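In what follows, a structure is listed as structure tokens, so that the remarks can point back to it.
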Amino acid sequence: MSTKQFLLSGFGGQGILFAGKLLAYKGLNAGKNVSWLPSYGPEMRGGTASCSVIISDEPVGSPIVSEPDILVAMNLPSLDRFESSVAPGGIIFADSTLIERKVERDDVTAYYVPATKMASDNNTPTLANMILMGKILKVLDDFDDESVTAALSKVISAKHADMLEVNKHAMQLGADFE
Amino acid sequence: MSEKVLMKGNEAIAEAAIRAGCRHYFGYPITPQTEVAAYMAKVMPKIGGTFLQAESEIAAINMVYGVASCGLRVMTSSSSPGISLKGEGLSYLAGADLPALVVNVQRGGPGLGGIQPSQSDYFQATRGGGHGDYHMIVLAPASVQEMAELTVRGFELADKYRMTAMILADGTMGQMMEPVSLDFNVAPVPEKPWATTGTKMAREHNIINSLYLKPDELERGNFARYEKYAEVEANEARYEEYLTDDADIIIAAFGIAARVSRNAVNEARKQGIKVGLIRPITLWPFPKAPFKMAADHAKAFISVELSMGQMIEDVKLATECRVPVTLCNRAGGMIPSPAEVLAAIKKISEGGND
């Protein structure tokens, strides 16, 4: 597949932009063309924050993802808003702690991960995003220790290097979740 | 080639400016360009530079005037309403023939408008922005890499021609991250014998001024400036063409609109429609030549813009109205989708078959 378009969405503060950055760096490290575009509207204050990430073998045209191949919904408003926009045959990842309903479309594949609860059980309540990322990369057959570590070391500043292992562990939890 | 890093467009502008030798930045926060100022605030103090958050945009542009007078590379950045406030200063910079870099990361207008991306300051930028007869060199990046490279280019052109160069970006370009290589060449800063650097009692005073009360003197200055502008128009127009050779339909688009249009061109080509894209990289001077040439074989032009249709006037002028030019646009912070641009292409294409 030459182009993957991701749309990540959730509440401001759930680490949507950070997770998107990890995806982008992972693509960049793999020699792909990438773009990362955040929503920067007033909705970031409490409402839905979203982030478009494109990873492609071709030069990226428009950086705006309007028909995602992969939707990551970290809260109900995100699923409500973006479910219909997912490309047929696409994949939806939902944080099932915060989203009680199921995906209604039958032409997409849905994965439900209770990421917020898992993060809280793991004593890292802010890392639900990374648990989902672990699951996503696993499903996309793109989860390996070396590339995950390389991408994490790009998005985690040297000042917070101790967080690398913590993030990696969270991703592993997500990757192992069945 | 150096390692590529992910940077926001706004950060790439700031880092490129520093690498181009800019050590003086004056600004005032406004969405969606604030990262430029934030980056400068973080880095300038560490390298002996000046970051100063002015009390207003008007103060900031006048500080730019001061540093430019001293012959140093200097910049300010803002977004649409803030650029309007700088309008007076832009005119004074032109009247005093001072080189400076001004960045406009556009948002929707008029008035305070909104904070989402827009290209509706095209007229303001390409026609000068303030009062009087003058131009700025206007550069329109369409990627984070170009945000960096055109910033360097902007400083070089500004110094070469003693003019203000403006980076005309938009909220998308400012906020998006893409891989960027910062491994570019920076030409040496030229001598500036006109600058107010202190006479050391060894030369006549240099005077930086834009007040000329004798009309014949002011007229001479204006004519001289326009001779310089003619030279800029002859030498500095830049553009990128994409699949234009055999195109029946030509899209004109810059910045984010060109990125969206490129998707639409690819899709239209798949459907057998011969369409191409001319992307102006300089908006002033406007790259007239490729449009004039394309008008010899193309049946129609479409100007794709995030405005109510501003560049379309330059497309009509450049093609001398020999072929129809239509507009495909969104405004107020909305961005046309590739599907909307494709629909505009198909409408023209099907219309042509009647």
Report task. Report whether or not A:Val53 is more than 14 Å from every other protein chain (Cβ to nearest Cβ), assigned to a strand (DSSP E or B) and either touching a strand residue (DSSP E or B) at 6+ places or on another chain (Cβ under 6 Å) or of a type in the set (Phe, Trp, Tyr) (or both). Result -> no
**Report entry** Tabulated pairs, the stretch B:166-190, first more than 9 Å from chain A (Cβ to nearest Cβ), second loosely packed, with under 13 Cβ neighbours inside 10 Å and of a type outside the set (S, T, N, Q), C-beta under 9 angstrom, 6+ apart or interchain
**Finding:** B:Ser181/B:Met1; B:Ser181/B:Glu3; B:Asp183/B:Met1; B:Asp183/B:Glu3
Report task. Collect the residues in the stretch B:236-270 that are among the hydrophobic types (A, V, I, L, M, F, W, C) and more than 10 Å from every other protein chain (Cβ to nearest Cβ), keeping them in residue-number order. Result -> B:Ala237, B:Leu243, B:Ala247, B:Ile249, B:Ile250, B:Ile251, B:Ala252, B:Ala253, B:Phe254, B:Ala268
Report summary line: Counting only helices (runs of 4 or more DSSP H) entirely within the stretch B:1-95, those with at least 1 residues that are farther than 26 Å from B:Gly130 by Cα, under 19 Å from the mean Cα position of the chain (by Cα) and touching a residue at least 24 places away in the same chain (Cβ under 8 Å) are B:9-19
Report task. Please indicate, with yes or no, whether at least one residue in the stretch B:285-296 is crowded, with 19+ Cβ neighbours inside 10 Å, under 24 Å from B:Ser337 (Cβ atoms) and not assigned by TED's automatic domain parsing to the domain that holds B:Met177. Result -> no
Query raised in the report: Any idea how many residues of the stretch B:174-216 are surrounded by 10 or more Cβ atoms within 10 Å (Cβ to Cβ) and among the charged types (D, E, K, R)?
Result: 4
Report task. Return the only residue of A:Lys154, A:Lys102, A:Lys135, A:Lys159 being among the charged types (D, E, K, R), touching a strand residue (DSSP E or B) at 6+ places or on another chain (Cβ under 9 Å) and surrounded by fewer than 15 Cβ atoms within 10 Å (Cβ to Cβ). Result -> A:Lys102
Report task. Identify all residues within the stretch B:250-303 that are assigned to a strand (DSSP E or B) and of a type in the set (S, T, N, Q); write none if there are none. Result -> B:Thr282, B:Ser303
Report task. Might you check whether a residue that is of a type outside the set (S, T, N, Q) and closer than 22 Å to B:Leu157 by Cα occurs anywhere in the stretch B:106-115? Result -> no
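Counting just the residues of the stretch A:18-34 that are of a type in the set (Lys, Arg) and buried (at least 20 other Cβ atoms within 10 Å of the Cβ), which one comes out nearest to the other protein chains (Cβ to nearest Cβ)?
A:Lys21
The values are calculated or read from the model by the stated rules, or taken from the named source; none is laboratory data. Source: prediction; values computed, not measured. In this analysis, Cβ positions are derived from the backbone assuming ideal geometry, glycine residues included, and neighbour counts consider all displayed protein chains.
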